[in-house]
1. Over segment 1-144, calculate the relative contact order: mean separation of alpha carbon pairs under 8 Å at least 6 apart, over the residue count, as a percent.
2. Could you work out how far the C-alpha centroid of segment 72-135 sits from that of segment 1-46, in angstrom?
3. Within a 10 angstrom radius of the beta carbon, how do 153, 225 rank from fewest other beta carbons to most?
4. Give me the tail of P(r) for segment 98-156 as a percent: Cα-Cα pairs with distance above 18 Å.
5. Ranked highest first by the average count of other Cβ atoms within 10 Å around their residues, in what order do 189-197, 171-179, 80-88, 59-67 fall?
6. Just need the relative contact order of segment 8-61 here, percent rounded to a whole number, with Cα pairs under 8 Å and 6+ apart.
7. Evaluate 2.2 N^0.38 Å with N set to the residue count of segment 9-106, then give the Cα radius of gyration divided by it.
């Protein structure tokens, strides 16, 4: 019953936040933050999260939006960097920040440095869900960054890729550079000379079973081609060659073609009786190479759509040595 009452109270926020003065809006934000960030009760945290998301989605005037971002951003950012922060609450904070960044980007000018400093470290944390949410926040923020700040963020991400080859970290930063490119469009062109080679390298050298890395790399390359068609020109041949190589990528048929079908059928039957996480067995259900082929095909499609004049044979793979 108390949950029903709380839900009704949250619904009342919809008309309320559109009418209250800024001082009252600050009080509402403070109380909802207290519930989300300081309560030990899951129900209270849920109410705080839903309430803040409601406030962010319903605020309409520029004055109220400016008041909201100045009041809310520091509280959420402070929690993100606390060493004992709950992963679940951090997830909610990042969702709220993402909503706020995408709705009120221009009003965040005075908060950009604080957001940048607190969001970038979230790319190195352990939980994949938190990293993906941080990527969405940073990409959204990049769209309203001044040129110098944007260049600094891109340099940081590329430097991380050049310095850290661990697959989990590298995948995150490849996804990050692709998301920034997609968000800022042609403004990313200045970063292409340093971004394209490192992404190509990660794609070409990824482990055979690391389809997520190749998929992320091809998605980033696709974004480069579509968002920066002029600046990417010097790299088109290398991108095309890589897409043609991986568009037919299928490790299942790398060896013993005659017995491949029978072996895969046997593996599928055996796996039905074993735990999904068992190692050493392989089946079509575990095959994710289609992600590589799909991403390569979409990247090649982007190249062709931006350069249709090359269709007369310009995309043919090089002859074997």
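Bear in mind these aren't lab numbers, they're just calculated from the coordinates by the rules spelled out. All values reported here derive from a predicted model rather than from experimental measurement. All Cβ positions, glycine included, derive from the backbone under ideal geometry; neighbour counts span all protein chains shown.
1. Relative contact order comes out at 22 percent.
2. Between the Cα centres of segment 72-135 and segment 1-46 lies a distance of 20 Å.
3. Listing 153, 225 from fewest to most nearby Cβ atoms yields 153, 225.
4. Within segment 98-156, distances greater than 18 Å cover 28 percent of Cα pairs.
5. Ranking, from highest mean packing down: 171-179, 189-197, 59-67, 80-88.
6. 45
7. Segment 9-106 yields a ratio of 1.00.
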